[in-house]
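Visitor: Starting off with a structure, shown below.
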Amino acid sequence: MADTATKQATAQRQAVDSVSYQDLYRRWENGNWKSTELDFSQDYTHWHETFSDLERSAALWNYSMFFHGEDSVTDNLSPYIDAAPREEQKYFLATQQVDEARHAVFFGRFMKEVVERGQDIGSSLHATQPHLTWGFRKTFEYLDKVADGLRKDRSKPNFAAAITMYHLVVEATLAQPGQHFIEGYLEKRGILPGFYQGMKNVSKDEQRHIGFGVKCLSDLVREDPDCKYAVADLLREVLPMSVGVFVPPNWDRRYVEVFGSTIEEVYLQGMQSFESKMRAAGLPLEELPGAPPLPITLTPAERVERALTMLQAGFIGEKTGPPSRDPQKVALLFDLISRSVDTSATPNGAAAIQWDFKDAEPWFLRIDNGSTHTEPGRLERPDITLRCAFEDWVDITAGREDPRIAMLKGKLRPRGSIRMLMRMPRLFGR
Ligand SMILES: [Fe+2]
Ligand SMILES: [Fe+2]
């Protein structure tokens, strides 16, 4: 098993090495297309007459996020061009910026001419803003922050983290599965021919962008061993936000199912795409330093199922009310905690942590010889006891509340060995 995985990883890396930046540039010259010449006349009729009300709402929700996404990535690519260490990388990124502008123009035309939202890019963006999900807004605010950070720090580790954010998280994990989903149902039903043609062109461009991202990341990781630390830090911060991007309004699953897919299928594609690209870049998830950004001991399908359950329980993602207290779901939360701790942050691979909730039953985590175990109940002599309300702890694990601020506010009261308390941020990857 391990041998097969190693062989696959080697083959993927060789494939990445065999593509040059010049090849990618050449593909761009050969793949140019015109967003301004797509014919949307049939699309107009299909949108207003063939689509049901639900299909129109569902498509508008999904396409609005693509439109805003393309606008954001167009604006945010400039510092990448400045930070890229090689000329060939700068040139490719310059072509990519043109592509992203073309994609934004394509979606902008569709919003104006077919959906009748807005008169120019600015007003169309404004008109479609209410359709952006919490996960989308958080993820793209984070991309803005990453791009700004790159203006100040052009080091290879910071550039590697920024490439991971843009090319691997936004493009490979979020955009690509969404494109496949849309193209799939448009092709099957033979509708929106102008939009379908545009989406196919966008997908081809994105494939090239992702190919560049994987290659660039692979080169950076080889050139500077510190890159993997920066990438792992970034993933720990952004994945809890990006997991909420494709959550439909009020969890109305019909927004996806009306077009013949399940939410699980779209998430699974994203998860698999992300994992394989990280592996191809020489950064398999299981080898990332520190607390794992995802429960890597679960299969991708299990991870998706967990993520969706955790989102709906209010344990991760947008806060829409108090979190679930269903004991089975709480057990999943602690299982996730036990799979996400960085056991190397403990002295001698051992630690015992007690949660003493003011308003829920206690739980504990035991780390022994590098393996972890959680269950409800009390330990006799924990190294650390965390006293807090259940909801406050959920807000901390979901990244909604900084644990240091929670302590200052008196919401979280840790007790125990100073040595272990100092290690807490590393243990939980925060
Ligand atoms: Fe794009
Ligand atoms: Fe792109």
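The values are calculated or read from the model by the stated rules, or taken from the named source; none is laboratory data. Quantities reported herein were computed from a predicted structural model and do not represent experimental measurements. Glycine gets a Cβ as well: all are built from the backbone with ideal geometry, and neighbour counts include every protein chain shown.
Visitor: Give the residue, chosen from F66, F92, that is out of contact with any Ser or Thr (no Cβ under 9 Å at 6 or more places or on another chain), among the aromatic types (F, W, Y), more than 27 Å from Y185 (Cβ to Cβ) and within 14 Å of ligand 2 (Cβ to nearest atom).
Guide: Answer to the selection: F92.
Visitor: Considering only residues that are closer than 15 Å to Y196 by Cα and within 16 Å of ligand 1 (Cβ to nearest atom), which ones fall in segment 42-66?
Guide: Of everything in segment 42-66, those that are closer than 15 Å to Y196 by Cα and within 16 Å of ligand 1 (Cβ to nearest atom) turn out to be N62, Y63, F66.
Visitor: Which count do you get for residues in segment 380-417 that are of a type in the set (A, V, I, L, M) and under 19 Å from D342 (Cβ atoms)?
Guide: Selection size over segment 380-417: 4.
Visitor: What's the number of the only condition in (1) among the aliphatic types (A, V, I, L, M); (2) farther than 18 Å from Y63 by Cβ; (3) within 16 Å of ligand 1 (Cβ to nearest atom) that A230 fails to meet?
Guide: Condition (3) is where A230 drops out.
Visitor: Exactly one condition in (1) more than 19 Å from W28 (Cβ to Cβ); (2) without any contact (Cβ under 8 Å) to a residue 24 or more places away in the chain; (3) within 14 Å of ligand 1 (Cβ to nearest atom) is not met by M199; state its number.
Guide: Every listed condition holds for M199 apart from (1).
Visitor: Further question on the same structure: Taking the stated definitions as given, is E257 surrounded by fewer than 17 Cβ atoms within 10 Å (Cβ to Cβ), without any contact (Cβ under 8 Å) to a residue 24 or more places away in the chain, under 26 Å from V341 (Cα atoms) and more than 16 Å from ligand 1 (Cβ to nearest atom)?
Guide: So E257 fails the test.
Visitor: Can you report the number of residues in segment 94-104 which are surrounded by fewer than 19 Cβ atoms within 10 Å (Cβ to Cβ) and away from ligand 1 (no atom under 11 Å from the Cβ)?
Guide: Residues that pass the stated criteria total 1.
Visitor: Further question: Identify the residue in segment 71-93 that is closer than 20 Å to F136 by Cα and surrounded by 18 or more Cβ atoms within 10 Å (Cβ to Cβ) and, among all such residues, is nearest to ligand 1 (Cβ to nearest atom).
Guide: Checking each candidate, the answer is V73.
Visitor: Please verify whether segment 158-165 includes one or more residues that are without any contact (Cβ under 8 Å) to a residue 40 or more places away in the chain and surrounded by fewer than 23 Cβ atoms within 10 Å (Cβ to Cβ).
Guide: no
Visitor: Name every residue in segment 312-332 that is in contact with a strand residue (DSSP E or B) (Cβ under 9 Å, 6 or more places away or on another chain) and surrounded by fewer than 18 Cβ atoms within 10 Å (Cβ to Cβ), in order of residue number.
Guide: P327, A331
Visitor: List, please: which pairs have Cβ atoms under 6 Å, are six or more places apart or on different chains, and start with a residue in segment 373-385 that is of a type outside the set (S, T, Y) and end with one that is part of a loop (DSSP other than H, G, I, E, B)?
Guide: P376/E361; R378/P362; D383/S417
Visitor: Give segment 403-430 a look and list any residue that's at positive phi and in a strand (DSSP E or B), or say none.
Guide: Result: G416, single match.
Visitor: Here are some conditions: (1) surrounded by fewer than 20 Cβ atoms within 10 Å (Cβ to Cβ); (2) at pLDDT below 95; (3) within 22 Å of the chain's Cα centre (by Cα). S371 meets all but one. Which one does it not meet?
Guide: Unmet for S371, out of (1) surrounded by fewer than 20 Cβ atoms within 10 Å (Cβ to Cβ); (2) at pLDDT below 95; (3) within 22 Å of the chain's Cα centre (by Cα): (3).
Visitor: Can you tell me which residue within segment 332-359, out of those that are among the acidic types (D, E) and assigned to a loop (DSSP other than H, G, I, E, B), is farthest from the chain's Cα centre (by Cα)?
Guide: This residue is D359.
Every residue, every condition in (1) under 21 Å from the mean Cα position of the chain (by Cα); (2) more than 30 Å from I316 (Cα to Cα); (3) not basic (K, R), yes or no:
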site	(1), (2), (3)
T74	yes, no, yes
P85	no, yes, yes
D99	no, yes, yes
K112	no, yes, no
R117	no, yes, no
G122	no, yes, yes
L143	yes, no, yes
